[in-house]
Structures are given as C-alpha cells and as structure tokens.
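Heads up: the structure comes next, in structure tokens.
The values are calculated or read from the model by the stated rules, or taken from the named source; none is laboratory data. Computed from a predicted model, the values in this text were never measured in an experiment. Virtual Cβ from ideal backbone geometry, glycine too; neighbours counted across all protein chains shown.
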Amino acid sequence: MAGNRMLTLVRLFALQSLALGALALTVALVTGSAHIYAVAILTVVIKGMIIPWMLLYVMRQIKVDREVEPVVSIPMSLLLCGGLTVVAFYLTQPIIFVGGAIDTITKNCLAISLAVVFIGFFTMISRKKAITQIMGLLTMENGLFLAAISVTYGMPLIVELGIFFDILVAVLIMGLFAFRINKTFASVDTTILRRLRD
Amino acid sequence: MYGQDLFPLLISASLGGALLSIVTKRWEQACRAISFTAAAVVSLIGLVIALEVLLVGGQVAFTIPTSVAALGHFTFVVDRLSAFFMLAISSLGLCVSIYSIGYTREYAGRYSPATMGSLFSIFLLSLFLVVTASNAVLFLIMWETMSLSSYLLVVYESRNRESVSSGLLYVVMTHLGTALITVAFIIMWLHTPGEHSFDFSAFRELSAGALPEAARAAAFLLLLVGFGTKAGLVPLHVWLPQAHPAAPSNISAMMSGVMVKTAVYMLIRCYFDFLGVTDSWWGLVVLLVASVSALVGVLYALMEEDIKRALAYSTVENVGLIFIGLGAAMVFQSYYLADPAANAHLADLAALALIAVLFHTLAHSLFKGLLFMGAGAVMYATHTRDLEEMGGLAKRMRWTGILFFIGALSISAIPPFSGFVGEWLMFQSLLLTQNINDPMVNVLLPVAVAVLALTGALAAACFVRVFGATFLARPRSKHAAEAVEVPRTMLTGMGIAAGASVLLGILSVFIVPVIDSVTSSVLGVSIASKLVNGLVLMPPAGEFSSMSPVIIGALLLFAVPFAYFATRDLGGRRPVEKGDTWDCGTPLSSRTEYSAAGFSNPINRIFRSIYRPHTEVRTEYTSSTLIKRKISFSSTIEPVFERYLYAPVAALVIALARRVGVIQKGSIQAYLAYIFVILLVLLVVFR
C-alpha cells in the first residue's frame, strides 16, 4: 500500500506470489502429496513470472504514469490496512482457536489470507488507475489461494488448474480493457468512467 | 358425459391452433382463417362443456401431474360456477373469433397475423383455465398467462406510441393486483387446517372459522383491491380506459366482455366459497365502491369523444353495477348467517342478488362484446375513433348500424333486452331491503338504488349520444362519407352476439332457473320456484312487482308493426310536400349538426363539480369585429383520479427514487466500497 510507484507494486505482487509458492512447497513437503508440488510450481511460474511480466508489458504499451494516484492518502491507507488486518484476526479468531474445526499446520494463515483479501479489496477502492485495480484483484486472489492451501491443503488439482487458467485469462482481458479505456479517454483513470452514469 | 373427454381436447386444440398460426405465418390470408377458425372451434368445445355441466349437472375434472408436492394438485374442475363463466367466455369467444377473421384484414401487411392468432388462442385458453383452475398456484399461473397474453395483444400495434404506453400502464397495474392476490392466497394458505395446501378444496374448509378475524379482514381487502384492479373498480380503473381502447377491437371485446369478469368469478368463489361472508361491513364496502364506480364510469363515458374509450368507461360503469349486486348479496348473506332462523327470507334475497350479478355478467359480456365489435367495424370502415368525425354511417353501413343499435338498446336497459332483465333483478333485490334493521344498511342501500337509477338514465343518454353521433345525420368527415360495409365474417360475429343478447333477454324466464342452479351451488338456497311463475318473473318476497320479458317481447313484436301501420294508414294518407328545411339563409351542412360534445354539454354543466371542465373559445376577426374569420372551441375535462390520486403517488415514488439515486455515483471505487463495507459488516455481525 505504501508504494507510490506502479513498478514497485508489480514487483511486490511478484514477491508475494513467490512467497505463496514457497508456502505451497512447504505444505507439499509436509503432506507429501504430489499435486501440491505441481500447484507450487504453477504458482511460481504463472503468478510470480508470467502475470507480472504481462502487467509490465501492458504498462509499457499504454505508457502509464509512474504515479499510483491514491484516492486515500498513503499514511491513511496504511492505517486503514492495519485496522483491516486487526479485523481479519478478530473475525477468524473463533474459527482458529475454538474447537478442532480446522486441524492443519498452517491454520493461522487463515487470518493472514483474510487480511490479504481485505487489503486487495481496499487497493481496488482506494486507487484510481485501472491497472491498480487489476493489481487489487490479483492480490485478493492470492489471499483466497492462501486460504485454500492453508485450511484444506489445497483443492483438487483440476480446480486449481481451472483457477490458474481463469486468472490468466482475466488478466489478459483486463489488460485489453485497460488498452481500450486508454484509447477512448486517453487515460486509465477510472474516475473518468463516472460519465457513463445514467 | 362428453365433458370429461372434451376438456383435454379444449387445451390441445387451442395450443394446436396457436402452433398452426405460427406455422402458417407466410400465408397471411390462410393464417388468419386457420387461427381464428381454430379459436372458434375451441370456443364451441368450451360451450359444449359449459352447457353440459349447467344442464346435465356433474363435474368435469382434469389433472396435470406436478412434481412439486407442496403446491398441491394441479387440477382443473368445471363445477357449476365455473361452467357459467365458461358459458360467457365461450359464447363471446365464438362471436369474436368469427369476427376476427375479417377484422384482422385491417392489419394486413402491417402487423403479423401469426402473432395475433397465436396470442389470441393462448389468451382464450387462459381465460378458460382461469375460471376452472382448482388450485391457488395453478390459478395464479393462469391469471398471469391471461394478463401477459392480453398485455401483448394490447401492444399489438407496436409502432403506435399510444398503444405501448397504455400497455405499460396496464401491465403495471395488473401486476400490482396480482401481488395483492398472491398475498391474500398466502394468508389463506397459512390458515388451512391440517397440512397446508394450495388446493381450493382445502381453502373451502376455511369458511368453518379457521381464520382469525384480522386475517379474514386482510384477505377480504387484499382480494377486493387485487381483483378490483382487474375488474376496473374506481379508483383502480385508470388503466382500463387506456388499455381497452388501445388494443385491437376484437381484443377490446374480449377484455371488456369477459376478462374483467374473471375477477367477478374469483371474488364470488373466494368470498362465498372460501372465506364465508359473515361480516356485514364487507358487503357495505363493496356496495360503496361499486356505487362510486358505476357513477364515475358513466359520467366519464358521457364526456368521451373517442368511441372505444366511451365504451371502456361504460365497462367501468357496468362492473360497478355487477359489484353493487355482489355487495347486496354479501350484505344479505351476512345477516342471514348471523341468524339463519329469523332471517330465512334474507337467504332468498342474497340468492336473488347473486342471480342478478350472474345474469348481468353474462348479458354484459355479450352486449359489450357486440358494441366493441361494432366500434371495431366502424373503425375498420372509417379509420378513426373520434366521434366528431363520424356521422351518417347508418346509411352506408346498414347492418353494422342495426347490430350496434341492438347492443345500444341492451346496454341502455330497454325492455325486453338482456340489460334490462339484469338491472331489473338488481333493483328488486335492492328494493326489498326494508327487512334489515341496521341504520347503515338502511342508508347505503337506498343510495345504491338511487345510483342504479341515475346510472341507468345516464347510460341511456350516453348510448343515444354514441349511436347518434356515429350513425345518424350526415357524415362529418371525408372518412365517414367514404365508409363501406364491413366483410361478412365480421357481421356474422356481431350478428351471433346480437341474437344471443336479444334471446337472453326475451327468454330470461328459462335462463334464470339455470342461473339459480349455479347460485344454489354457491349459497345452498334455490329460489327458482319462487322467482319464476310460468312466463312471469317475480321477486321471492311477495307481490312487490313482477315482469315478463317474454310477454313484453311478444307485445313489442306485435305492437311495433301495429303502431307503424296504424299511423300510416288509419289517419288516411296525408298529402306530402317536399322542400328544404328553413335554414335562416345559411346553407345547412354537416357542420350545423348536433355534435357529440353539444349533446353532452348539458350534463357537463350539471356535473361540473365532478368534471371541472375547462372551455376555451377563441375568435379570430377580420378587419371588422362583426365579421369573424374563424371561431375555434376546445373543451377538456380534468382527469380527477389521475391528477389527485395517482400523480401525488407517482411524485412520491420519483422523489424517493431520487433520494436513493444519490448512491449511484458512477465511480467504480464507490461501488466497490459499498460491497466492501457490506461484506465487513456482515462478517462482523455473523462472526
């Protein structure tokens, strides 16, 4: 949230995805199930490399400004994100600590994943550019993925593959939309879309 | 018993007809003939089923299998009450189907005959199924089918802006009504004894007092408003004078003739059969609303310059009359049920009022159908709906004129036509109320009688005006002067309706016992033996008055030619001299005729507090003030209900919508924030 440069944002996303891949790898080592290895590798390749590369490509093509242009100021965003993280821990507390509802080694990651979802959502709300909104959505997806892998040791492989494919296509389409918005309004500032009302 | 086998045939024949008209849509001529012949056949099948149940007795039942057990059995049952309404639907359906073969030529090349044909078949079928459905959910499905198919038919002239906006008003109002009906059914369903059931057989057990008082009252009011919307009770009538005229005339005939009556059917069924009429205020409420409807309807009909709108307002009036009878029947029934031993004679009166309701329902569906078909024929020939542009059509369209005249006589309650018998029966039932000791009843019923009398007189004036302005004198426009007689199929359709309307009146002594068998199936009291004495009709409570339409008819049959020959021959032939009318030196033209607006102006003045007329006379002078170049006159009446009831409500809704519209910011971030906040709140609340 603190980054005010687009490039930093994309790099941070790549880093987050790599960390996610590392976590998946750890889970795979502990459980020893083959398909989580595959998931870990896919995460690293697709989320850690292909998607950041595609985003950078789109940004180069439409010559987007380096500035992130927040709606909410950066110190305020940081405070709010801290608050959201607290809320996430507060919300997941009964699930994590009461009873043996979930019994995995990574169960504490649930709170973190919820916080990531919240922060991704908040990114979408508080930043103006279409590209940052794509980033927010991807962050949310990462959060969901984290929740899935940490609570249930991953979904069946076919579902995972579907999700990866989904996110890849989504980024493609959203990149395309960013192109179109840029072409029509000569900017990717979504506040201009306000004119479409009524 | 053929009915049992004929009912599935009825359904498959109309669906087949709808399909055939779509298949043959390439060949317009054939498509028209095939689809409406199929509709006529369907009507005939319906007629056979109805007559069999009415005359032979018994029931026809047909079940379609359902997979959802909770909704009950999807059964169609034709009992006597259903059969009576099927009779009205099928007889008018037959006339209109034949009429439509010729009438739809009007739209040749402009609008698809297949659309009209298939929708008409579905509409007709849904009418039959609405009055036979024996399950609340099934009924609502059929009711919606009926509403939607009629809506699509109203907007048939889809390139006509007026039709489309009228259709929109109609569909909004009718859905409002349906929503209220649904709520009423759910209230009744919640209180069905034992396992909750939507079957009417379970609803029937409600009358044993299973419903708490508040729920009963709520159900009564919801049903009255819900069905009143469809029937066109004031102030829920606003859609009716818009939508009925906007539809093609054959559809207007079906809508005004029978569709509004399905509401009467279901109200009789719900009030007498399901809920049981034990509170006297129910009847009084109905009576009050109905009296206002009758009066308002006829008053607006008198001022209307559009022939079909005048007829539509007259439907509002006639529905008012029917509901006056219904209200009276409910009042009598409630007092009878309060003390069956002491008030046995009131049961007779309730039956009499209900007979009047059913008789007038049947009569009105025939003659209003006839009048709408006549108006359609006039429009077919002149391409206008404005009364001021017609005139002189009696010479150019002789048969249409005669048939329309029969319809006008019937609706004006001239003996021995059918309208008279219905209103006479209604008067009898209302006049016999001195036996009830309740000040409210004793005040309201005489008011209803007065309204009935006033309405009758005004209705007669209204149809003198409509008939005179349309058919008499000289043509007032080029369209009217060039009019020619309509195709034979149209005349046949109108002819059957006119014949049935006349016979219904003259042979009413034979028809009333049949209707009595219907009301006795509802009320459990048969009064045919008291009501019909040979060829004379008399009310059941003593020597109050009696009347025989057959004898009046016979007398008229004899008296009219007699009077004609007597005046011609008895006084000896007088010398006849032909010459011009004295015209003050101005040549007489169609512009000096008595216009429709002129005819109704005295009534406009008398009732100006209701109409609030706005008249404007504009004169253009030449150089001298004595010589006028042009005088133009315009007169409008204020639409009271639209302006003082609907406009404030609409304004309120729009203001509320504006308030809510503030949250529509147009910015993605704001929308996302709404979702985010709601998500957070939900997560915290349901932690």
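Observations
- For region B:126-184, the set of residues classified as in contact with a strand residue (DSSP E or B) (Cβ under 7 Å, 6 or more places away or on another chain) and polar (S, T, N, Q) consists of B:T132, B:S134, B:N135, listed by residue number.
- Looking across B:V449, B:V466, one residue alone is assigned by TED's automatic domain parsing to the domain that holds B:V316 and under 23 Å from B:C95 (Cβ atoms). It is B:V466.
- Taken over region B:378-388, the criterion of being under 17 Å from B:F463 (Cα atoms) and either in a helix (DSSP H, G or I) or basic (K, R) (or both) is satisfied by B:V378, B:R385, B:L387, B:E388.
- Taken across region A:121-128, residues that are modelled with pLDDT of 80 or more, under 15 Å from the mean Cα position of the chain (by Cα) and more than 14 Å from every other protein chain (Cβ to nearest Cβ) do not occur at all.
- Count - residues of region B:185-238 that are in contact with a strand residue (DSSP E or B) (Cβ under 7 Å, 6 or more places away or on another chain) and part of a helix (DSSP H, G or I): 1
- Boolean, B:A312 is closer than 18 Å to B:V464 by Cα, of a type in the set (G, A, S) and part of a helix (DSSP H, G or I): yes
- When B:S149, B:S158, B:S112, B:S126 are screened for being out of contact with any Leu (no Cβ under 7 Å at 6 or more places or on another chain), modelled with pLDDT of 90 or more and among the small types (G, A, S), only B:S126 passes.
- Considering residues of region B:70-87 that are outside any helix (DSSP H, G or I) and in contact with a helix residue (DSSP H, G or I) (Cβ under 6 Å, 6 or more places away or on another chain) only, the residue surrounded by the fewest Cβ atoms within 10 Å (Cβ to Cβ): B:F74
- Per-region count, region B:1-39, residues under 24 Å from B:A497 (Cβ atoms), surrounded by fewer than 21 Cβ atoms within 10 Å (Cβ to Cβ) and touching a Leu at 6+ places or on another chain (Cβ under 7 Å): 1
- No other residue among B:R643, B:R687, B:R629 is free of Cβ contacts under 8 Å to residues at least 24 places away in the same chain and exposed (fewer than 11 other Cβ atoms within 10 Å of the Cβ) apart from B:R629.
- All helices (runs of 4 or more DSSP H) inside region B:469-569 with 3 or more residues being crowded, with 21+ Cβ neighbours inside 10 Å: B:488-506, B:508-523
- Residue in region B:422-445 that is without any contact (Cβ under 8 Å) to a residue 24 or more places away in the chain, among the aliphatic types (A, V, I, L, M) and over 18 Å from B:V319 (Cα atoms) present: yes
- Filtered by the rule that a residue be more than 30 Å from B:V172 (Cβ to Cβ), within 14 Å of another protein chain (Cβ to nearest Cβ) and not in a loop (DSSP other than H, G, I, E, B), region B:622-677 gives B:I668, B:Q669, B:A670, B:L672, B:A673, B:I675, B:F676, B:V677.
- Qualifying residue in region B:138-160 (condition: part of a helix (DSSP H, G or I), over 27 Å from B:R488 (Cβ atoms), touching an Asp or Glu at 6+ places or on another chain (Cβ under 9 Å) and among the polar types (S, T, N, Q)): no
- Within region B:92-136, the residues that satisfy the criterion of being small (G, A, S) and under 20 Å from B:P248 (Cβ atoms) are B:G93, B:S97, B:S100, B:G102, B:A108, B:G109, B:S112, B:A114, B:G117, B:S118, B:S121, B:S126.
- Residues of region A:32-58 that turn out to be in contact (Cβ under 8 Å) with a residue 24 or more places away in the chain and in contact with a Ser or Thr (Cβ under 9 Å, 6 or more places away or on another chain), as a count: 8
- If the condition is being surrounded by 11 or more Cβ atoms within 10 Å (Cβ to Cβ), assigned to a helix (DSSP H, G or I) and among the basic types (K, R), then region B:599-621 contributes only B:R608.
- Within region B:44-68, tally of residues that are of a type in the set (S, T, N, Q), touching a residue at least 12 places away in the same chain (Cβ under 8 Å) and out of contact with any Phe, Trp or Tyr (no Cβ under 9 Å at 6 or more places or on another chain): 1
- Unique residue being among the polar types (S, T, N, Q) and either crowded, with 18+ Cβ neighbours inside 10 Å or part of a helix (DSSP H, G or I) (or both) when the list is B:S90, B:S67: B:S90
- Just one of the listed residues (B:A350, B:A344) is aliphatic (A, V, I, L, M) and surrounded by 24 or more Cβ atoms within 10 Å (Cβ to Cβ), and it is B:A350.
- For region B:393-437, the set of residues classified as part of a helix (DSSP H, G or I), among the polar types (S, T, N, Q) and surrounded by fewer than 22 Cβ atoms within 10 Å (Cβ to Cβ) consists of B:Q434, B:N435, listed by residue number.
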